[in-house]
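What follows is a single structure, written as structure tokens, with notes after it.
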Amino acid sequence: MAADGPITPPNVYDAEPIPEAARAEIDRLLASGDLFRYTAPEGAPVALLEAEFAELLGARYALAVSSCSAALFLTLKALDLPRGAKVLIPAFTFAAVPSAVVHADCEPVLVEVGANYRVDMADFAAKLPGAAAVLISHMRGHTSDMDAIMALADAAGLPVVEDAAHSLGTKWHGRNIGTIGKVGCFSFQSYKMINAGEGGILITDDPELAARAVIMSGAYEHNWKKHPGLQNSYMYWQNRLPLYNMRMQNLSAAVIRPQLPELARRVDQGRFNHDHVAAALNQSPWLDVPAPLAPEERAPDSIQFNLVGFETDAEARAFQAEAKLRGVSVQVFGLSEDNARAFWNWQFLGEAPDLPQTRAMLMRACDVRLPTRLTQPELDFIADALVSAAAAVKGHSTRN
Ligand SMILES: Cc1ncc(COP(=O)(O)O)c(C=O)c1O
């Protein structure tokens, strides 16, 4: 353990404090009671957030909503997919993603994911025929091969939706994740780079898709006039589309907006923290942190690694117990009961498909949160605990 390491295990659940600037705006909103995004004639915090977020990411349109799941659902509805349309999704994602597909009256088709947490391109290519859309979760911020995915989807004429819930700040060939597919969806739930408790946003350059999503998010009657541009499209779609009322409220935007200028620092910090712990874990012969793909610049706020040579579930559980004894909680995705990221628990889809590669990965892939506010001694504490827990189960040899 590092000489100046903390005595107590680091708290990996708390987020950074919300910037002080949020307080004045929240007070103003509380004093006026102006919480609904469409009450003020102009300049509502949600509208300002949309403009700022679109500019930050380099997209033409942004629509702030109640969650990333709502953004995914509205996107699928705005794509106007026929009932029962097949939507490819990675088999390693959060249960809310297949749920959004089901909610949109579509059928998720699960694609195998490799030991590096990214979409298996052979299985993707095999399952593409017959699909109507592709929804790629950059799960835990790991970017799948977007060049190959876009090439195959473009050739098949299929729209690609990016679920960038965990990928705000990630780049692919220097380009912002969420701007590569037709639509990018982000989350402001507390365990993400920007924390509003709950919230989501979608971005797109497609005017018709944006207009349809705005109407369906709940811009009823003539509230769409408070969104810039697209006035003819809104007028056309008004009353022709259902209102799902998934709007964001002003208090959420007031919490999010002062965090946008913090994003670049958090991304740098998150990457530093991750790479620092990854370097230490990769010293152990029993732990492996998969490398990013070459075009990818990651923005992690957690670390995933695989247990190497842990032949049995009992050994993997022993590793969890040893890590816990050392003050660090490790989730092995496939080992905890009812884990929402294990596809066999998505019983609402019917019988679980046979996905041996993803299943094998989930049974040995570990997940530890690394919030950006952790200090270096805290990171060392976590890395030391994990390396020593693996050694306690498997022996003390080190990697050459
Ligand atoms: C990969 C992924 N996609 C989508 C979501 C849904 O985000 P939200 O909680 O904002 O609906 C999550 C939630 O953590 C997620 O992990």
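The values are calculated or read from the model by the stated rules, or taken from the named source; none is laboratory data. Not measured: the values here are computed from a predicted model. When we count neighbours, we look across all protein chains shown, and the Cβ atoms used for this are built from the backbone with ideal geometry, even at glycine. Surface areas here come from the heavy atoms of the whole protein model, side chains and all, with no ligands, DNA or RNA. Shrake-Rupley method; radii C 1.70, N 1.55, O 1.52, S 1.80 Å.
Close Cβ contacts (under 7 Å, 6 or more residues apart or on different chains) running from residues in the stretch 91-106 that are open to solvent by 50 Å² or more (accessible area, probe 1.4 Å) to residues that are within 11 Å of the ligand (Cβ to nearest atom) comprise 94/340; 94/341; 103/73.
Residues considered: 88, 110, 74. Of these, the only one that is under 16 Å from residue 355 (Cβ atoms) and crowded, with 23+ Cβ neighbours inside 10 Å is 88.
The set of residues in the stretch 84-116 that are away from the ligand (no atom under 11 Å from the Cβ), within 24 Å of residue 367 (Cβ to Cβ) and part of a loop (DSSP other than H, G, I, E, B) comprises 91, 112, 114, 115, 116. Which of the residues belonging to the stretch 334-355 are touching a residue at least 60 places away in the same chain (Cβ under 8 Å) and either open to solvent by 50 Å² or more (accessible area, probe 1.4 Å) or out of contact with any Asp or Glu (no Cβ under 6 Å at 6 or more places or on another chain) (or both)? Passing the criteria: 340, 341, 343, 346, 348, 349, 353. Among the residues making up the stretch 277-316, a single one is open to solvent by 60 Å² or more (accessible area, probe 1.4 Å), without any contact (Cβ under 8 Å) to a residue 24 or more places away in the chain and within 21 Å of the chain's Cα centre (by Cα): 294.
The residue of the stretch 63-83 that is nearest to the ligand (Cβ to nearest atom), among those that are assigned to a loop (DSSP other than H, G, I, E, B) and among the hydroxyl-bearing types (Ser, Thr, Tyr), is 67. Which of the helices (runs of 4 or more DSSP H) contained wholly in the stretch 165-276 include at least 2 residues that are open to solvent by 50 Å² or more (accessible area, probe 1.4 Å) and either modelled with pLDDT under 95 or more than 15 Å from the ligand (Cβ to nearest atom) (or both)? Once the helices (runs of 4 or more DSSP H) in the stretch 165-276 are filtered for at least 2 residues that are open to solvent by 50 Å² or more (accessible area, probe 1.4 Å) and either modelled with pLDDT under 95 or more than 15 Å from the ligand (Cβ to nearest atom) (or both), what remains is 231-237. The set of residues from the stretch 335-357 being assigned to a helix (DSSP H, G or I) and under 14 Å from residue 113 (Cβ atoms) comprises 343, 344, 356, 357.
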